[in-house]
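None of the figures in this text is laboratory data; all of them are computed from the coordinates on show. Fair warning: this is a prediction, and the values are worked out from it, not measured in the lab. Cβ sites come from the backbone with ideal geometry, for glycine too, and all protein chains shown count toward neighbours.
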Amino acid sequence: MDNTPIKKFNKRAFITLAMFMSGLMLPFSGLMNHRLQFDDLTVARHFWMTVHNVSAILIIVFVILHISYNWRFLIKYSKCVGIMIISKEAIIAVLMVLIIVGIFSMHALHA
């Protein structure tokens with residue numbers, strides 16, 4: 001008989017993996033929604049809209065849970081980071097993402 005102790009359910013790991021999986025589903029379902037945007041409300045379009053909406057709700061729920069489970073570590077980390085200067089890499093990364101998202105989303109404003 002095996003005397004290996006039964007590991008208890010790791011809530012942090014579950015929340016992190018659920019957040020990651022729902023986050024992975026968002027871009028793909030968003031791409032499918034974009035591809036089907038001019039179709040009538042077909043079964044496929046309704047399916048991908050539902051996948052996208054439920055994934056968005058799940059990631060919000062799991063991000064909130066993730067923050068609540070890691071609150072002490074986040075506060076401790078933010079106190080240490082408070083004395084650090086924002087790096088040029090961080091500034092460039094933020095600007096690059098904002099510019100790319102801005103360029104690609106401008107097509108929606110061609111009214």
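If you stretched the chain out fully between V97 and K79, how much longer would it get, using 0.36 nm times the residue separation minus the C-alpha to C-alpha distance?
Full-extension gain reported as 3.8 nm.
What span do the alpha-carbon atoms of the chain cover on each of the three principal axes, reported in whole Å from largest to smallest?
62, 50, 21 Å, listed from the longest principal axis down.
So, in nm, how far is label V54 from label R35 when the simple model puts each one 7 Å beyond its Cα toward the Cβ?
In this crude label model, V54 to R35 measures out at 2.0 nm.
Pop out the ³J(HN,Hα) list for segment 39-48 in order, Karplus 6.51 cos²θ - 1.76 cosθ + 1.60 with θ = phi - 60°, rounded to Hz; leave Gly and Pro as x.
6, 5, 6, 7, 5, 5, 5, 4, 4, 5
For the residue pair F28 and H46, what label-to-label distance in nm results when each label sits 7 Å from Cα along the Cα-to-beta-carbon direction?
2.3 nm
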